[in-house]
Each structure stands twice: as structure tokens, then as C-alpha cells.
1. Show me the helices (runs of 4 or more DSSP H) found entirely inside the range 138-236 where at least 2 residues are under 14 Å from the mean Cα position of the chain (by Cα).
2. Of the residues D205, D212, D163, only one is touching a His at 6+ places or on another chain (Cβ under 6 Å), within 21 Å of A246 (Cα to Cα) and charged (D, E, K, R); which?
3. Go through (1) farther than 30 Å from S50 by Cβ; (2) at pLDDT 95 or above for L172 and report which single condition fails.
4. Condition check: without any contact (Cβ under 8 Å) to a residue 24 or more places away in the chain and either surrounded by 15 or more Cβ atoms within 10 Å (Cβ to Cβ) or in contact with a strand residue (DSSP E or B) (Cβ under 9 Å, 6 or more places away or on another chain) (or both). Does F61 satisfy that?
5. Looking at A74, A6 in this structure, which one is outside any strand (DSSP E or B) and either without any contact (Cβ under 8 Å) to a residue 24 or more places away in the chain or of a type in the set (A, V, I, L, M, F, W, C) (or both)?
6. From the list H62, H76, H82, which residue is out of contact with any Gly (no Cβ under 8 Å at 6 or more places or on another chain) and over 28 Å from D274 (Cβ atoms)?
7. Return the residues of the range 274-307 that are part of a loop (DSSP other than H, G, I, E, B) and closer than 23 Å to L209 by Cβ; say none if nothing qualifies.
8. Part of a strand (DSSP E or B) and surrounded by fewer than 15 Cβ atoms within 10 Å (Cβ to Cβ): which single residue out of R31, R19 fits that description?
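The values are calculated or read from the model by the stated rules, or taken from the named source; none is laboratory data. All of these numbers come straight from a predicted model, not from anything done at the bench. All Cβ positions, even for glycine, are placed from backbone atoms using ideal geometry, and neighbour counts span all protein chains on display.
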Amino acid sequence: MSVSVALIEKGGSGRKFWRLAMDGRSLILVRYSGERPENRYYVAIAQFLSKVGVRVPEIHFHDDLEGLILMEDAGHDDLRSHCDAPWFERRALYERTLDQALILHTRAHLVPDRPSLQQEFNAPLYRWEQDYFIQHCLQRHFGLTDEAINAHLNRDYLVTIADRLAAEPRCLVHRDFQSQNVIIRGGQICLIDFQGLRPGLAQYDLASLLLDPYVNLSAPEREELLAHYLSGLHGAGYQEAADFRAVYDLCAMQRLMQALGAYGKLGYVDGKYDFLEHISIAMPRLIEILQRISEMQKLADLLQSLPLNLNSHAQI
């Protein structure tokens, strides 16, 4: 038997991936450590999602003691790789992706015997995302002082946002629902990197996909996709709930703050400098959202004044 092994460079999850090709068949080998507990949840969550009806890679072997997983190779054709395709092609792929999200958001929380999941989205977690952004993006990347931040940021209102979102009814959400975690296989959608699955708000997943810093969807395209999701959720002729958009904007703020914090942390703390390049893309999207939240206007003004072409490595 002839076997070829190729390392797959992937993200910041603390896992290692290899593609194994043998006798015309391809498999993915994953090695993980116990440093990030969520990585141990992957297999049980994959089996749970498959039972729910969400398409995920099939697990062939798992050794929890050694931290090894052997699973189906869903391919390397992710949603991001289609970012330059005509809109009618991308729209079809995004709509199929949102159809998978609908299955997750409407069915998964109804299934008994859930596997172990990460901490639910509650007020402390939302506040952690906000602090993550302040620490690793505003302070570490842009070098802002507490005084400069506090002059433009109403921290009490951030607490109010966290409490409001925590009070909303929850479903199960992917938590990192972005283009690189959506694989296209034979025209169908397969989700990966779902080990962060937890109770949360559907709008958080929607904002993760539609405001994904790795791709560029125009405002009209985002509106079309939101309409597709809502029509699938409520049926044709739906009326958008009065507070749906307000909750979506708050979730979008949270998600973009989390992403910007992650880029700063991965770049400066973990030495993965390529992630710093995404700050200049994600920041204008956060500003756009903040400008729709009246109490966050002063923060939007501060962010607009920051140099997006900052020499990132200079502050390491």
C-alpha cells in the first residue's frame, strides 16, 4: 500500500492536521492536546450533529488518551475559496450554508442527550469578548491607554449589552461560523471546526458568516442572505421580528470584537503574524455596526481615527 502524508496548515486552534492519501482514498488525521478542552469535544459533537441532520465529516477512529482522530476528508474547497466567483454562484453556496445553519439552530437544541459543550453564551462570556477586544486589539495592537479608551467607551453600556443578549432565548450555535469552516463537497455543504458548539443566539452565527473578515460581501448581498435565512425560519411572507435586527447588530458587535481580539492575541502573543493583516479588514466592519448603535457612537469615532495600515510587527 502506498501512503502519502501532507501537513495541513490551519488556523489557531492548537491542533495539527495531516491529509493521508492511500490507494485512492483520502483521510484526515488530527492530533490535539489537552491544553484546549474544547478540542476533546470534537468527536462527540460531530456524532451529535450528524444525528441532528447537519453535514459534518464522518469520524472513523478516535483515541482520546493519545489525542488522535482519523476522519473523512471533506476536501479543501471551502467557501472562502469562492470569494471571487460571480454572485449567483456564491449566493447558491451561501444559501446552502444558511440552510445548514437553520437545521442547527432549529433542531439541535431539541435533541436529548447532548454531548459535553463549551460554556453557554452568558453575560460573563459576552463581557469577556469585549475585554478581549480592548486588551489585544485596542491596547496591544493600537497602543491605546485606558484613559483614551475610557474617554470614548461607555463600559457600563457594554455590561448592559451583555446582560441583554444573555436574556435572549438560546439555541445551539456553531460559534465560529465563518467561510473557512464551510467545506463544499460535491456541491453540498459540510461544516467543520464546530468544537465550540454551545447555547447562544442564532444572530451570532449569522453575523459571523455575513461579516466574515476573510471574505467581502456587499451590504445588498448580506441583506439577500439574511432574507433567505429568515424566510427559511418563518416561511414565505415572513415579517421580521421588531428586535431581530437590533439583536443582530449587538451580536455582530460582539463577534467582530472577539475576532479583532483574537487577531491581536494570535499575532502578538502566539507569533502568528499573518492574523494581524485581518485587523484592517475587520475594523471597518465593526465601525459600520457601531454606527448603528447610538450609545456606541463615540467608540466608532475613536476607531475611525486609528491608523489601519499600522506597522503591526513594530509593537511586538
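1. Working: elements: 146-152, 155-166, 202-210, 219-234.
Filter on the range 138-236 gives 202-210.
2. On the way: D212 fails: touching a His at 6+ places or on another chain (Cβ under 6 Å); D163 fails: touching a His at 6+ places or on another chain (Cβ under 6 Å).
Unique residue meeting the criteria: D205.
3. (1) is the only condition that L172 fails.
4. Working: without any contact (Cβ under 8 Å) to a residue 24 or more places away in the chain: yes; either surrounded by 15 or more Cβ atoms within 10 Å (Cβ to Cβ) or in contact with a strand residue (DSSP E or B) (Cβ under 9 Å, 6 or more places away or on another chain) (or both): yes.
Here the answer is yes, as F61 does meet what is asked.
5. Values: A6 fails: outside any strand (DSSP E or B).
Matching residue, one of A74, A6: A74.
6. Numbers: H76 fails: over 28 Å from D274 (Cβ atoms); H82 fails: over 28 Å from D274 (Cβ atoms).
Every option except H62 fails the conditions.
7. Taking the range 274-307 and keeping what is part of a loop (DSSP other than H, G, I, E, B), we get 291-293, 305-307.
The answer is Q291, R292, I293.
8. On the way: R19 fails: surrounded by fewer than 15 Cβ atoms within 10 Å (Cβ to Cβ).
Answer to the check: R31.
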